[in-house]
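A short worksheet on the structure shown next.
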């Protein structure tokens, strides 16, 4: 992993001194259980963009691990995450989960459903996309950022078709392997050309998200 990135915030680009600089893990550190923390990716961050997403990180840590897409996610959910939620200070978080989560069966398979607030999924993935973009380009992303996943359902939008289209449009030979050391937790491939930066991310091997950074100045008008 790179250890000499520019001393500016990965998100806003503000200059950082030794006193003000902090490190943002990409993805968040909590996603990596003990034994799966080999040489993690970090980017420099200002205080605002290092500390203002802790609740969102916690919610998505639970959401993605609750999918139980591999043994690492399942074990950490049961051994650490659920036990941590029993603490008194987590009661409001638990109440929110109870209010907005459901379990059910689709085609004979059990599924976990969590109703998310507007833009929560987009903001969580944007944070990771910005981190990876900065790591590779050594400057903050300035263009529009979009994300999509089959795991996130929107009314009136077919996310499954959108993901399939993107994966068919970008042939695997065009994608470069990302820099990661714990593929059982997180891995990614990316495509970079003419200012476009597309990232195919996998959490716990089978929870896939796609993030796109459009060229600076690009609009959909």
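Taken together, the values in this text are just the output of simple stated rules run on the coordinates, not laboratory data. None of the values given here were measured: they were computed from a predicted structure. Glycine gets a Cβ as well: all are built from the backbone with ideal geometry, and neighbour counts include every protein chain shown.
The table that follows gives values for the structure above.
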quantity: Inter-part distance where segment 28-68 and segment 147-199 are each reduced to a Cα centre, Å; calculated: 20 Å
quantity: 32, 209 arranged by Cβ crowding within 10 Å, fewest neighbours leading; calculated: 32, 209
quantity: Highest-first arrangement of 120-130, 3-13, 182-192, 164-174, where packing means the average Cβ count within 10 Å; calculated: 120-130, 182-192, 3-13, 164-174
quantity: Those residues of segment 118-157 whose amide nitrogen sits under 18 Å from the label point placed on residue 219, 7 Å along Cα→Cβ; calculated: 142-146
quantity: Normalised contact order of the chain, rounded percent, pairs of Cα under 8 Å and 6 or more residues apart; calculated: 21 percent
quantity: Per-residue [θ]222 nm for the chain (sum of -39500 (n - 2.57) over DSSP H runs n ≥ 4, rounded to 500); calculated: -8500 deg cm²/dmol
quantity: Gain in span if fully extended, residue 136 to residue 2, counting 0.36 nm per residue against the direct Cα distance; calculated: 47.3 nm
quantity: Fewest-first sequence of 132, 210, 144 by Cβ atoms within 10 Å of each Cβ; calculated: 144, 210, 132
quantity: Order of 198, 69, 159 under a 10 Å beta carbon neighbour criterion, fewest first; calculated: 159, 69, 198
quantity: Simple label model, 7 Å out from Cα along Cβ direction - residue 55 to residue 162, nm; calculated: 2.5 nm
quantity: Fully extended contour minus Cα-Cα distance, from residue 155 to residue 118, at 0.36 nm per residue; calculated: 12.1 nm
quantity: Projected area, mean over directions - the chain, Cα convex hull, nm²; calculated: 14.0 nm²
